[in-house]
Amino acid sequence: MYAIVGATEEFKYSIQIATDPYCDWNTACLDGAVYGEQVTVTAQPKNSQIVSLVNNIQGYFIEAECNVSCTMAEIIWFESEVKYTLRQKAAPKQTMILIANSAIENSISN
């Protein structure tokens with residue numbers, strides 16, 4: 001697995017998690033992604049389910065859809081005017097909650 005830094009703008013970043021070091025967001029090799037961006041609006045995303053995360057943080061889970069192939073499941077939460085998004089190919093809700101909780105518990109601010 002490779003962590004490939006994508007956008008690194010002043011108030012935004014993205015990191016793709018891929019099986020190929022030159023994946024370039026190609027769905028064939030992209031397994032997941034991590035995003036962070038400064039925001040002023042913290043509304044619940046469309047088609048999301050509210051979930052409880054560690055530190056009394058409310059998160060939002062968006063289920064993956066599988067037909068011929070599967071989309072990415074997402075979990076989103078807001079902290080101090082930052083929107084965090086984690087994406088994982090076809091991951092179930094409990095897996096996404098575990099990943100988000102691990103990210104929150106191991107963040108620099110903790």
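The values are calculated or read from the model by the stated rules, or taken from the named source; none is laboratory data. Quick caveat: nothing in here was measured; it's all calculated off a predicted structure. Backbone-built Cβ (ideal geometry, glycine too); neighbour counts: all protein chains shown.
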What do you reckon, is N26 surrounded by 11 or more Cβ atoms within 10 Å (Cβ to Cβ) and polar (S, T, N, Q)? yes
Those residues of the range 62-89 which are at pLDDT 90 or above and small (G, A, S) amount to A64, A73
Near pairs, Cβ below 9 angstrom, 6+ apart or cross-chain, from the range 25-50 (more than 21 Å from S102 (Cβ to Cβ) and without any contact (Cβ under 8 Å) to a residue 12 or more places away in the chain) to any residue that is assigned to a loop (DSSP other than H, G, I, E, B) and of a type outside the set (S, T, Y): N26/D20; A28/D20; C29/D20; C29/C23
Among the listed residues G36, G59, identify the single one that is assigned to a strand (DSSP E or B) and either modelled with pLDDT under 90 or in contact with a helix residue (DSSP H, G or I) (Cβ under 9 Å, 6 or more places away or on another chain) (or both). G59
Could you please let me know if A7 is small (G, A, S) and either in contact (Cβ under 8 Å) with a residue 12 or more places away in the chain or closer than 23 Å to P92 by Cβ (or both)? no
